Amino acid sequence: MTVQGEGPSAGRRCAFLRLGGCNLSCRWCDTPYTWDWTGIGDTGVAYSARTELTTMASGELLERMLGFDVPLVVISGGEPLNQQRRLVPLVTGLLAAGRRVEFETNGTVVPDPQLLLPGVRFNVSPKLAHSGDPLRRRIVPKALRALAGLDGTAFKFVCRSPEDLEEVATVVDRWGTEPVWIMPEGRTVGELRDHLSALADAVIERGWNLTQRLHIDIWGDKRGV
Ligand code: SF4
């Protein structure tokens, strides 16, 4: 049990479900233990899928998630939509029990129609060039278009400097990825504060929203359990 740390629901009590595997390999990824089995990320650490990942049946997962007395379940990763078909029973079970669901996705996967239900929101974080991912992998037009067409979708871009905002504007103009939330890149309070200070005025000027990473402020870079 925790709070949502980022985006429009920041500060809301929630349960967090982190899934393994990702179809991107952002060099500054803050959850490399979900996918980086070769040490290609900035940390240089090669994690072990065998020790990091656990398989669980969706019925057991639903039971565990319902054990948390919170109104919101955040499903993140890695890239959770890589497993989206298998998540349908979990999501429908959560909704039936009165929970809301938010997916944290990198925006490269078209969402399954079975997940497009009242009470489900997609927080989409398209990656910019500084992620190190090739353009054709990080920008998937049909996925961005599909996600932008859904009620409630929020687009969250990780940025370091005002120069990054021009790249965000290009994506927004081209694929209609609004509303926009700009989030500073960083894994420490100091990095986040420096990047946020550098970005804030220009973000406000463009009429976009800002989000911090509340969990870093509270718990630092410590992994949840
Ligand atoms: S898309 Fe997200 S989880 Fe995947 S590598 Fe990039 S930052 Fe990490």
Task: Within segment 1-21, considering residues that are within 22 Å of ARG160 (Cα to Cα) and assigned to a loop (DSSP other than H, G, I, E, B), the one farthest from the ligand (Cβ to nearest atom) - done: ALA10
Open item on the list: For segment 108-136, give me each residue that is in contact with an Asp or Glu (Cβ under 6 Å, 6 or more places away or on another chain) and within 16 Å of the ligand (Cβ to nearest atom).
Closed with: ASN123, LYS127, LEU128
TODO: Select from segment 211-225 the residues that are crowded, with 20+ Cβ neighbours inside 10 Å and part of a helix (DSSP H, G or I) and list them in ascending order.
DONE: ILE216
Open item on the list: Let me confirm something: among VAL110, VAL91, which residue is free of Cβ contacts under 8 Å to residues at least 60 places away in the same chain and closer than 28 Å to VAL171 by Cα?
Closed with: VAL110
Task: Members of segment 99-152 found to be surrounded by 13 or more Cβ atoms within 10 Å (Cβ to Cβ) and among the acidic types (Asp, Glu), listed by number - done: GLU102, GLU104, ASP112, ASP133
Task: Residue selected from segment 137-161 under the condition under 26 Å from ALA198 (Cα atoms) and in contact with an Asp or Glu (Cβ under 8 Å, 6 or more places away or on another chain), by the criterion nearest to the ligand (Cβ to nearest atom) - done: VAL158
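To keep it simple, each residue is scored yes or no on (1) more than 20 Å from ARG138 (Cβ to Cβ); (2) within 12 Å of the ligand (Cβ to nearest atom); (3) under 20 Å from the mean Cα position of the chain (by Cα).
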{"site": "ASN23", "(1), (2), (3)": "no, yes, yes"}
{"site": "PRO32", "(1), (2), (3)": "no, yes, yes"}
{"site": "GLY39", "(1), (2), (3)": "yes, no, no"}
{"site": "SER48", "(1), (2), (3)": "yes, no, no"}
{"site": "SER58", "(1), (2), (3)": "yes, no, no"}
{"site": "ASP69", "(1), (2), (3)": "yes, no, no"}
{"site": "VAL73", "(1), (2), (3)": "yes, no, yes"}
- [ ] Would you tally the residues in segment 181-210 being surrounded by fewer than 20 Cβ atoms within 10 Å (Cβ to Cβ) and of a type in the set (Val, Ile, Thr)?
- [x] 3
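Residue by residue, here is whether (1) modelled with pLDDT under 95; (2) buried (at least 20 other Cβ atoms within 10 Å of the Cβ); (3) of a type in the set (D, E, K, R) holds:
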{"position": "PRO8", "(1), (2), (3)": "yes, no, no"}
{"position": "ARG18", "(1), (2), (3)": "no, no, yes"}
{"position": "TRP28", "(1), (2), (3)": "yes, no, no"}
{"position": "ASP42", "(1), (2), (3)": "yes, no, yes"}
{"position": "GLU63", "(1), (2), (3)": "no, no, yes"}
{"position": "LEU72", "(1), (2), (3)": "no, yes, no"}
{"position": "ARG85", "(1), (2), (3)": "no, no, yes"}
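Residues checked against (1) of a type in the set (Lys, Arg); (2) assigned to a helix (DSSP H, G or I):
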residue: ASP42; (1), (2): no, no
residue: LEU62; (1), (2): no, yes
residue: MET65; (1), (2): no, yes
residue: VAL70; (1), (2): no, no
residue: ARG86; (1), (2): yes, yes
residue: LEU95; (1), (2): no, yes
residue: GLU104; (1), (2): no, no
residue: GLY107; (1), (2): no, no
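The values are calculated or read from the model by the stated rules, or taken from the named source; none is laboratory data. Owing to the predicted nature of the structure, the values given are computational and were not obtained by experimental measurement. Here Cβ is always computed from backbone atoms with ideal geometry, including for glycine, and neighbour counts include all displayed protein chains.
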